[in-house]
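Inspection log for the structure reproduced underneath, given as structure tokens.
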Amino acid sequence: MRQRRKPRLDTGSLFCHVLLMCGAACAIFPFFWMVVSSLKPATDALLFGRVFTTSWRPENYVEAWHAAPFGRYFINSFLVAFLVSAGTIFTSATAAYAFARLRFPGKQIVYGAYMATVMIPFEVSLIPNFVIIKSLGWFNTYPALIVPWLSSAFAIFLLRQFFLSLPSDYYDAAEIDGCGHWQFLWRVAMPIAKPAIVTVGLFAFLGSYNALLWPLIVTKETRMRVIQVGLAAFMSEEVTQFHLLMAASTIAILPTVILYFVAQRQFVEGAVSVGIKG
């Protein structure tokens with residue numbers, strides 16, 4: 001009976017794992033610091049050189065929750081993020097299918113021009129978007145928070161690549177059964193593209209939920225504020241309540257963490273299954 005050989009120590013693999021572990025530690029440490037600081041007294045939270053404390057205050061979370069109308073902020077954030085995600089999925093799926101499967105004059109030019117908008121910084125379009133919102137009478141309303149973000153060039157690119165990877169035999173078979181482009185998109189292509197759809201929805205949801213600058217500009221009343229703007233309640237020119245700010249930040253980040261773990265499998269499948277065809 002042969003003795004099993006001991007696996008050799010691969011120096012390159014070991015170095016790669018150590019490097020990845022160091023990167024993971026650097027990425028996790030800010031969140032660890034946030035949670036620990038949220039449990040500290042106000043004086044200890046200001047001591048950035050001290051990680052732990054001898055006095056833990058879980059009541060910081062209760063105090064932070066009551067310091068601002070976070071219930072209203074969460075409702076606004078979830079409503080806006082959900083509608084933006086649904087709208088982005090609809091517009092991106094239809095546009096991506098058109099760019100992938102339909103033939104019309106100037107398709108490549110239109111697609112190239114649309115993809116070029118990815119290179120435009122958000123700050124450049126900030127003032128024109130605000131002027132349009134103002135002229136439409138949407139200032140301090142939900143349409144101002146939702147409508148400008150119902151389309152995403154990156155989402156169209158992602159779904160277009162997925163639709164290009166679908167075999168043409170699928171459409172030929174559906175056409176024989178009497179399906180047109182619209183029916184094929186919703187009955188065949190969309191169910192197959194579920195991982196990519198989930199990925200697009202997650203990106204849209206997180207982008208809307210984490211938005212700060214745009215909601216801060218287009219809203220002025222508390223009833224229209226979102227969770228990221230609400231965190232500013234703990235900051236002022238005189239003093240910043242770091243212990244309450246960290247507690248509120250921990251509360252604000254929990255929904256996105258839970259959402260990621262719920263949709264993790266679909267997210268990973270969507271990220272790795274989209275080809276580079278076309």
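What follows draws every value from the coordinates through simple rules; no lab data is involved. Please read all numbers here as calculations on a predicted model, not as lab measurements. Cβ placement follows ideal geometry from the backbone for every residue including glycine, while neighbour counts extend to all protein chains displayed.
Largest first and in whole Å, the equivalent-ellipsoid semi-axes of the chain read 40, 32, 16, each the square root of five times a Cα gyration tensor eigenvalue. Filter the trypsin sites (Lys or Arg not before Pro) in segment 197-263 down to the DSSP loop ones having no more than 12 other Cβ atoms within 10 Å, then list what survives. Those satisfying the criteria are K220.
Sorted ascending by nearby beta carbons within 10 Å, beginning with the fewest, T250, T54 become T54, T250.
Calculated on the Cα set of segment 104-255, radius of gyration then Dmax: 20.8, 71 Å. Using θ = phi - 60° in the Karplus curve 6.51 cos²θ - 1.76 cosθ + 1.60, the 3J(HN,Hα) couplings for segment 242-256 round to 5, 5, 6, 5, 5, 5, 5, 5, 5, 4, 5, 7, 4, x, 6 Hz; x is entered for Gly and Pro. Each residue of segment 5-135 gets 326 Å³ once the volume of the Cα convex hull is shared out per residue.
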